[in-house]
Amino acid sequence: MKEQKVKPLESWVQIPKNSDFTIYNLPFGVFKSKRLSPRIGMAIGDKIVDMHILHREGFFSAIHLPDDVFLQDSLNGFIELGKPITRKVRETVQKLLLDENSALKDHRARGKVMVNRKEAVMLMPVKVGDYTDFYSSKEHATNVGTMFRGPENALMPNWKHLPVGYHGRASSIIPSGVPIHRPKGQFKAPDADSPSFGPSERLDFELEMAFITGRNTKMGERIKTEEAEDCIFGFVLFNDWSARDIQAWEYVPLGPFLGKSFASSVSPWVVTIEALEPFRTSSPKPEEQLLPYLQCEQNHSFDINLEVYIQPKEEKETQVCRSNYKYLYWNVAQQLAHQTVNGCNINIGDMYASGTISGPTEDSFGSMLELAWKGTKPLRLESGAERLFIEDGDTVKMRGYAEKDGIRVGFGEVSTEVLPSNGKN
């Protein structure tokens, strides 16, 4: 079957070259400003479409939306309207922004509808009730396993048979721009007789993406791989902060706890799964025969370029990683099918992180643990400084975008500064 190219679209909104927020994208987010209360918007170029004003001016009259649906501090209520409605809303805005459409371009309220993005403060896009972190990159799992168990035992026996994951802390997920304090905790040096307490000495980022569910299910209900995408609203970039020294001491036998729960950072704009359709691609071929509930007949992965930068205070940023979402061994349909196969219910706004996304080359490793190989290979930054792990004053930035046939759909960035540990204890 011959691949169909997407019809070129032009907008009357001026969109900077290489902008993530093109007419093909139109992600949803929640913002506020000095004059505006929290509300839902859509990004295009350097502007935000104020969806509440657009609705108030009657542009969604054919869809029959609640009056205050966009005057909310999260996307949860809007998502709850269902995909037929949310798709129609996005398509309506896309048509309004097309160059040949003058309905909004010439409207008296255009100035109020189009908000400058630099004047906005971005908030958490959804209220996260539950959060799952998967471990879906074979390259990452192999690297970490090699470090701690040797190459012959790098992957645990279950890894190629199911998407390994754990339930994380939803309350400490924060949006881009909110700084974090270096966590404190208990850790034990390999040559020490007893554990110590203090600020983590091995603070790390993990390059991930996360999908957000757009449907509630009942306990006992299972989602099949072919149904999974109907339950996914969209995606964000996800920095799963990790204190490696705390994690290494605590994780046996129940897995991550305080080494992960202090913070996770997400990009504020939710890119819909519909916007990513032109970039759909296949996942790596399974290396073991999968059980029927994890088998897929369609492609459920996407070709999304991912980048990580470290910027010390008052210094230039340095790119330290370039990876791609398509490297993930386990795709979103398999992750959601496995999450619910035991009858676990899901809710609107739940977040499901991919696990660290590492690629096959050293410059595509998605964590400092791998890039500096367990603290043995220092990374040199543009300033001349070296890093084994993240230091106080560093800002970690993650960016992601998909690009094909002149079409670009991006996520903006998730940027987080690391502050010194808080308090004297």
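The values are calculated or read from the model by the stated rules, or taken from the named source; none is laboratory data. Remember, predicted model here, so these are calculated numbers, not experimental data. Methodologically, a virtual Cβ is constructed for each residue, glycine included, from the backbone with ideal geometry; neighbour enumeration extends over all protein chains shown. For the accessible areas, the whole protein counts, side chains as well, though only heavy atoms, and no ligand, DNA or RNA atoms are used. Shrake-Rupley method; radii C 1.70, N 1.55, O 1.52, S 1.80 Å.
Look at F21 and say whether it is farther than 15 Å from L98 by Cα and open to solvent by less than 30 Å² (accessible area, probe 1.4 Å). No; evaluated as a whole, the condition is false for this residue. Comparison of V93, V13 shows that the only residue that is within 26 Å of P175 (Cβ to Cβ), modelled with pLDDT of 95 or more and either open to solvent by less than 10 Å² (accessible area, probe 1.4 Å) or outside any loop (DSSP other than H, G, I, E, B) (or both) is V93. Right, V13: within 14 Å of M122 (Cα to Cα) and among the β-branched types (V, I, T) or not? Answer is no for this residue. Sub-8 Å Cβ pairs linking a first residue in segment 99-113 that is under 20 Å from T22 (Cβ atoms) to a second residue that is of a type in the set (K, R), at least 6 apart or interchain, are N101/K95; L104/R110, ordered by first then second residue.
State whether the residues of segment 392-407 include one that is over 18 Å from the mean Cα position of the chain (by Cα), farther than 23 Å from P183 by Cα and β-branched (V, I, T).
Pass one, segment 392-407, residues over 18 Å from the mean Cα position of the chain (by Cα): 392-394, 404-407.
Pick out the ones that are also farther than 23 Å from P183 by Cα and you get 404-407.
Among the residues that remain, those that are also β-branched (V, I, T) are: 407.
Checked segment 392-407: at least one residue is over 18 Å from the mean Cα position of the chain (by Cα), farther than 23 Å from P183 by Cα and β-branched (V, I, T).
Within segment 303-328, the set of residues being open to solvent by 10 Å² or more (accessible area, probe 1.4 Å), assigned to a loop (DSSP other than H, G, I, E, B) and touching a residue at least 24 places away in the same chain (Cβ under 8 Å) comprises D303, P312, K313, E315, K316, E317.
Taken over segment 70-90, the criterion of being closer than 22 Å to N347 by Cβ, without any contact (Cβ under 8 Å) to a residue 60 or more places away in the chain and part of a helix (DSSP H, G or I) is satisfied by G77, F78, P84, I85, V89. Considering only segment 223-237, I want to know if a residue exists there that is in a helix (DSSP H, G or I), hydrophobic (A, V, I, L, M, F, W, C) and over 30 Å from M368 (Cβ atoms). So far as segment 223-237 goes, yes, one or more of its residues are in a helix (DSSP H, G or I), hydrophobic (A, V, I, L, M, F, W, C) and over 30 Å from M368 (Cβ atoms).
Of the residues making up segment 279-302, those that are open to solvent by 30 Å² or more (accessible area, probe 1.4 Å), assigned to a loop (DSSP other than H, G, I, E, B) and within 17 Å of I232 (Cα to Cα) are C296, Q298, N299. Considering segment 194-223, and only residues there that are among the aromatic types (F, W, Y) and open to solvent by less than 20 Å² (accessible area, probe 1.4 Å), the residue that is nearest to M398 (Cα to Cα) turns out to be F205. Among residues of segment 222-243 being touching a Gly at 6+ places or on another chain (Cβ under 7 Å) and of a type outside the set (V, I, T), the one that is nearest to A189 (Cα to Cα) is A243.
Elements of the type strands (runs of 3 or more DSSP E) sitting completely within segment 146-193 and holding at least 1 residues that are of a type in the set (V, I, T) and open to solvent by less than 70 Å² (accessible area, probe 1.4 Å): these cover 173-175. Evaluating I44 against the criteria (1) hydrophobic (A, V, I, L, M, F, W, C); (2) open to solvent by less than 10 Å² (accessible area, probe 1.4 Å); (3) in contact with an Asp or Glu (Cβ under 9 Å, 6 or more places away or on another chain) leaves one unmet condition, (3).
Each row is one residue, and each column tells you yes or no for (1) within 17 Å of Q311 (Cβ to Cβ); (2) in a strand (DSSP E or B); (3) open to solvent by 20 Å² or more (accessible area, probe 1.4 Å); (4) touching a Lys or Arg at 6+ places or on another chain (Cβ under 8 Å).
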{"position": "Y352", "(1), (2), (3), (4)": "no, yes, no, no"}
{"position": "P360", "(1), (2), (3), (4)": "no, no, yes, no"}
{"position": "L369", "(1), (2), (3), (4)": "no, no, no, yes"}
{"position": "G375", "(1), (2), (3), (4)": "no, no, yes, yes"}
{"position": "E382", "(1), (2), (3), (4)": "yes, no, yes, yes"}
{"position": "E391", "(1), (2), (3), (4)": "yes, no, yes, no"}
{"position": "R399", "(1), (2), (3), (4)": "yes, yes, yes, no"}
{"position": "G410", "(1), (2), (3), (4)": "no, yes, no, yes"}
{"position": "S421", "(1), (2), (3), (4)": "no, no, yes, yes"}
